[in-house]
Ligand code: SF4
């Protein structure tokens, strides 16, 4: 089957779901990666690997959805010291912190907290746009849009149009997990079937917004269900052309309710296989993102030779993986060094993948790398050489503007 698939890819023909399952099971891994890299080089500048300066703060960790894979949320009845919900000014302080760090994208998400009124959501978009016009408010995953439908009485379209009118132009892809009914019933039953996520992204694309398609694998899904996920997003991309990129990552099981049920962690070779298969199967996506953050820096570097053309974001703040015990940090200088070490030229991009700045390429490693400390991963205590103040950061200070208790300081 491999030679048939390789020939079809060379001719630009679409792969079938049976071929998709073969890519995830029996296809020779190195040949798969090499073909995916070839396709990537045809779609995007083969010398360049892009990244974005971004941060992922959260406005609340109160949530009613009880996803079995989530260690981040607190139930509304929980009264511990680590529960928090920010008001508009609290969110603006996060935006100010992101601005000091040089971020051009703020990916803001939260739990589904029924105590938050509808007006909060368009207000934070409008205020973020007004005060920080150079930062893209990449706010709210599909489940949060459904929460807004609940509290506003509007339709999905009504909510999306109100957010768009407030200045929102992009939507993050969170909440997709695996777009297969059986999986969603098992791990996040209150989020509904695949259509719940797809309907939001369809409406966003129709309103003129762009969004990302994500996938969290490595829990209870089968290979056929991963391909079903690919089929859903490939079909929607055919319909709307609204997705900018595909972003897969593996489930992190620490502290999550289904930790004991998932016996085997998806490792690096599974990640590379999923990533390369997605590049071949999702023939209508321009960008596939490699994650130094969720899969580790070395695996992220290898992924740049397995079909990915983008290295994700700096993710200065991240609390969802952190709650599972997964910690990873970087700086712009380290991230660019990792890209150069992989043989590519790093380029800073916007949320919409427009290039803002092309940095020196791999030839600069000799002159630049000596000054750039590379940080070890997975440590809750950062190494001594990790900068206390990141690029552009004066001092974050306490966020403030909080309705209930804040999260622990970074
Ligand atoms: S993943 Fe999101 S929706 Fe699910 S429990 Fe966690 S915060 Fe709530």
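The values are calculated or read from the model by the stated rules, or taken from the named source; none is laboratory data. Just so you know, these numbers come straight off a predicted model, no measurement behind them. Every residue, glycine among them, receives a Cβ derived from its backbone with ideal geometry; neighbour counts consider all protein chains shown.
Residues in region 44-58: is at least one buried (at least 21 other Cβ atoms within 10 Å of the Cβ), within 16 Å of the ligand (Cβ to nearest atom) and either assigned to a loop (DSSP other than H, G, I, E, B) or more than 20 Å from the chain's Cα centre (by Cα) (or both)?
Checked region 44-58: at least one residue is buried (at least 21 other Cβ atoms within 10 Å of the Cβ), within 16 Å of the ligand (Cβ to nearest atom) and either assigned to a loop (DSSP other than H, G, I, E, B) or more than 20 Å from the chain's Cα centre (by Cα) (or both).
Quick one: is residue 138 in contact (Cβ under 8 Å) with a residue 12 or more places away in the chain and either farther than 19 Å from residue 110 by Cα or in contact with a strand residue (DSSP E or B) (Cβ under 6 Å, 6 or more places away or on another chain) (or both)?
In short, yes.
Only one of these is within 24 Å of residue 19 (Cβ to Cβ), in contact (Cβ under 8 Å) with a residue 40 or more places away in the chain and in a loop (DSSP other than H, G, I, E, B): 246, 306. Name it.
306
Of the numbered conditions (1) touching a helix residue (DSSP H, G or I) at 6+ places or on another chain (Cβ under 9 Å); (2) buried (at least 20 other Cβ atoms within 10 Å of the Cβ); (3) over 30 Å from residue 182 (Cα atoms), residue 38 fails exactly one; give the number of that condition.
It is condition (2) that residue 38 fails.
Please determine whether any residue of region 73-86 is over 28 Å from residue 257 (Cβ atoms), surrounded by fewer than 22 Cβ atoms within 10 Å (Cβ to Cβ) and either within 16 Å of the ligand (Cβ to nearest atom) or at pLDDT 95 or above (or both).
Checked region 73-86: no residue is over 28 Å from residue 257 (Cβ atoms), surrounded by fewer than 22 Cβ atoms within 10 Å (Cβ to Cβ) and either within 16 Å of the ligand (Cβ to nearest atom) or at pLDDT 95 or above (or both).
How many of the residues making up region 166-193 are more than 16 Å from the ligand (Cβ to nearest atom) and either modelled with pLDDT under 95 or in a helix (DSSP H, G or I) (or both)?
3
Suppose we filter 154, 163 for residues that are farther than 16 Å from residue 112 by Cα, surrounded by fewer than 16 Cβ atoms within 10 Å (Cβ to Cβ), modelled with pLDDT of 95 or more and away from the ligand (no atom under 15 Å from the Cβ); which single one remains?
Result: 154 is the single residue among 154, 163 that is farther than 16 Å from residue 112 by Cα, surrounded by fewer than 16 Cβ atoms within 10 Å (Cβ to Cβ), modelled with pLDDT of 95 or more and away from the ligand (no atom under 15 Å from the Cβ).
Within region 59-70, track down each residue that is more than 8 Å from the ligand (Cβ to nearest atom) and in contact with a helix residue (DSSP H, G or I) (Cβ under 6 Å, 6 or more places away or on another chain).
59, 68
List pairs: first residue in region 317-340 and within 18 Å of residue 83 (Cα to Cα) and part of a helix (DSSP H, G or I), second residue modelled with pLDDT of 85 or more and away from the ligand (no atom under 16 Å from the Cβ) anywhere in the structure, Cβ distance under 8 angstrom, at least six positions apart or on different chains.
Note: no pairs meet the criteria.
Restrict the check to region 197-211 and report whether at least one residue is modelled with pLDDT of 95 or more, part of a helix (DSSP H, G or I), out of contact with any helix residue (DSSP H, G or I) (no Cβ under 9 Å at 6 or more places or on another chain) and farther than 21 Å from residue 112 by Cβ.
no
Would you check if there is a residue in region 33-41 being in a loop (DSSP other than H, G, I, E, B) and either at pLDDT 95 or above or away from the ligand (no atom under 16 Å from the Cβ) (or both)?
So far as region 33-41 goes, no, none of its residues is in a loop (DSSP other than H, G, I, E, B) and either at pLDDT 95 or above or away from the ligand (no atom under 16 Å from the Cβ) (or both).
Based on this model, can you work out whether residue 333 counts as within 30 Å of residue 259 (Cβ to Cβ) and buried (at least 17 other Cβ atoms within 10 Å of the Cβ)?
no
Show the residue pairs meeting these rules: Cβ distance below 8 Å; 6+ apart or different chains; first residue within region 6-21 and over 18 Å from residue 273 (Cα atoms); second residue surrounded by 14 or more Cβ atoms within 10 Å (Cβ to Cβ).
Between residues of region 6-21 that are over 18 Å from residue 273 (Cα atoms) and residues that are surrounded by 14 or more Cβ atoms within 10 Å (Cβ to Cβ), the close pairs are 8/15; 8/19; 12/283; 14/8; 14/283.
May I ask you to verify whether residue 116 is over 28 Å from residue 51 (Cβ atoms) and either crowded, with 16+ Cβ neighbours inside 10 Å or in contact with a strand residue (DSSP E or B) (Cβ under 9 Å, 6 or more places away or on another chain) (or both)?
yes
Mind checking which residues of region 70-120 are within 24 Å of residue 161 (Cβ to Cβ) and assigned to a helix (DSSP H, G or I)?
Scanning region 70-120 gives 88, 91, 92, 95, 120.
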